[in-house]
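The values are calculated or read from the model by the stated rules, or taken from the named source; none is laboratory data. Note that this is a predicted model, so its numbers are computed, not measured. Cβ placement follows ideal geometry from the backbone for every residue including glycine, while neighbour counts extend to all protein chains displayed.
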Amino acid sequence: MEFNPLSPEFREDPYPAYAELREHAPAFRNESFNATIVTRYDDVAYVLKNPALFSSSAISMNIRGKPTRTIINTDPPLHTRMRNLVNRAFTPRMVADMEPRIRQITRELLGAAVGSGEMELIGDLAAPLPVTVIAEILGVDPALRTDFKRWSNAVVNGDMAAVAGGDRAQIDRDIQEFQSFFERAIEERRRQPKDDLISAVLRVDPDDEAPLAPDEVLAFTGLLLIAGNETTTNLMGNAMLALFEHPDQLGAVAAEPARIPNMVEEALRYDSPVQFLFRTATRDVDIAGTTVPAGSTVIPVYASANRDDRKFPGADRFDIARNTQGHLAFGMGVHFCLGAPLARLEARVMFEELFARTVGFRRIDAPLARVNSLFLRGLTSLPFAFEPAPAPARA
């Protein structure tokens, strides 16, 4: 059985390998990763819904060179306390109130490109939009978005770059810049709070069991910066590529923009931006007839679960009318993605504005370049041509 996210072939298209694993080895012991790979929907959901059996401690995040607790690598009850503190700052109302500003940013980015008749989706729109939004939410200067993108790329892709012979020293410098910048921003908010997310996380309420420690605040802001732009950029690019590869679906959603929200959900299911993460078995446990020893690593593959015909009939078909309820692109259970509402909002607004201002989409023939990540799936560029949409008739 094949599971090698480091190979170019796998990165180009992992879904045939996932299908083989689901069919013949749904809980597969992979010696290269020293982990059990779990690929069927019901089994992946079982792992995600049972944090007492499958600890998130396998996910590492280092701050100042040492492991640091965050909401993604802790388990209840500590995870519950940390998530409650973060939820206080990152509320559904706050996200919903961002829509006018997200639409304004999208229009500004589109305005710079629409007249040319060509656009590179990632660089012109899908990357700058979410990084600008999350920078404004955090209260840091969005003009530094090129630096933010470089820093988050270093954090996310560092291990892959090292494996591929990348410049480890440059990666380390980028990560150090990233930490130093946010250390200064956090210290400024301690002295002079503002109306932003960093200040909200730092605020101590009488009911707080314990405030976040300095390294935990730094880890949270970094995590939000990374998750707030990397995965959303990948969602937008993967969705647009799926539409280009399925012209009938592109025509349907462009003609009926009310379908955009479900198209976004189908894109999340069909080509998930986060392919998998890691868990640790807390005791011996059986998954799909395989005994997973206590203390060993488990890799629940969200992207494979989302292509399981047992849950989604005809799962390899991209269908914007599909019932996508239950897809696992944002996880499940206590670790369901904190930023899911923001990612959904940004993707919906981006496609609404794109389809309102452009027609006749044609992908420009160029080799696809994918992000160099172990567990993320996305594109580094996606050029396409179009015509400006006709101006609406005046009454």
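Quick notes
- Scanning the stretch 31-39 for residues that are without any contact (Cβ under 8 Å) to a residue 24 or more places away in the chain and over 21 Å from Thr282 (Cα atoms) turns up nothing.
- Verdict on Leu53 being crowded, with 20+ Cβ neighbours inside 10 Å and within 26 Å of Gly331 (Cβ to Cβ): no
- Of the residues examined, Ile175 is not one that is in contact with a helix residue (DSSP H, G or I) (Cβ under 6 Å, 6 or more places away or on another chain) and closer than 23 Å to Leu342 by Cβ.
- Positions within the stretch 334-359 being surrounded by fewer than 22 Cβ atoms within 10 Å (Cβ to Cβ), touching a Pro at 6+ places or on another chain (Cβ under 7 Å) and not β-branched (Val, Ile, Thr), in sequence order: Pro341, Arg348, Glu352, Phe355, Arg357
- Here Leu241 qualifies as among the hydrophobic types (A, V, I, L, M, F, W, C), at pLDDT 85 or above and within 24 Å of Leu376 (Cβ to Cβ).
- Test for Phe355: is it over 30 Å from Phe278 (Cβ atoms) and in a helix (DSSP H, G or I): yes
- Selection within the stretch 59-109 - in a helix (DSSP H, G or I) and of a type in the set (Val, Ile, Thr): Thr80, Val86, Val95, Ile102, Ile105, Thr106
- Top-ranked residue in the stretch 360-384 [being aromatic (Phe, Trp, Tyr) and either free of Cβ contacts under 8 Å to residues at least 24 places away in the same chain or not in a loop (DSSP other than H, G, I, E, B) (or both); ranked as surrounded by the most Cβ atoms within 10 Å (Cβ to Cβ)]: Phe361
- Leu218 vs. criteria farther than 20 Å from Arg93 by Cα, of a type outside the set (S, T, N, Q) and at pLDDT 85 or above: yes
- Taking every residue in the stretch 196-217 that is aromatic (Phe, Trp, Tyr) and in a helix (DSSP H, G or I) and pairing it with any residue that is surrounded by 14 or more Cβ atoms within 10 Å (Cβ to Cβ) and modelled with pLDDT under 85, at least 6 positions away or on another chain, yields no pair with a Cβ-Cβ distance below 8 Å.
- Which listed residue is surrounded by 20 or more Cβ atoms within 10 Å (Cβ to Cβ) and touching a residue at least 60 places away in the same chain (Cβ under 8 Å), from Arg22, Arg88, Arg81: Arg22
- Any strands (runs of 3 or more DSSP E) falling wholly within the stretch 257-351 and containing at least 1 residues that are free of Cβ contacts under 8 Å to residues at least 24 places away in the same chain: 285-287, 290-292
- Enumeration of residues in the stretch 20-40 that are of a type in the set (Gly, Ala, Ser) and either closer than 18 Å to Phe278 by Cα or assigned to a strand (DSSP E or B) (or both): Ala27, Ser32, Ala35
- Within this structure, Phe318 fails the test of being within 30 Å of Asp75 (Cα to Cα), hydrophobic (A, V, I, L, M, F, W, C) and modelled with pLDDT of 95 or more.
- Each residue in the stretch 71-115 was checked for being under 21 Å from Leu138 (Cα atoms) and under 22 Å from the mean Cα position of the chain (by Cα), and 26 pass.
Yes/no matrix, rows are residues, columns are (1) buried (at least 24 other Cβ atoms within 10 Å of the Cβ); (2) within 17 Å of the chain's Cα centre (by Cα); (3) farther than 30 Å from Ala19 by Cβ:
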{"site": "Leu218", "(1), (2), (3)": "no, no, yes"}
{"site": "Gly228", "(1), (2), (3)": "yes, yes, yes"}
{"site": "Thr233", "(1), (2), (3)": "yes, yes, no"}
{"site": "Ala255", "(1), (2), (3)": "no, no, yes"}
{"site": "Ala267", "(1), (2), (3)": "yes, yes, no"}
{"site": "Ala281", "(1), (2), (3)": "no, no, no"}
{"site": "Asp286", "(1), (2), (3)": "no, no, no"}
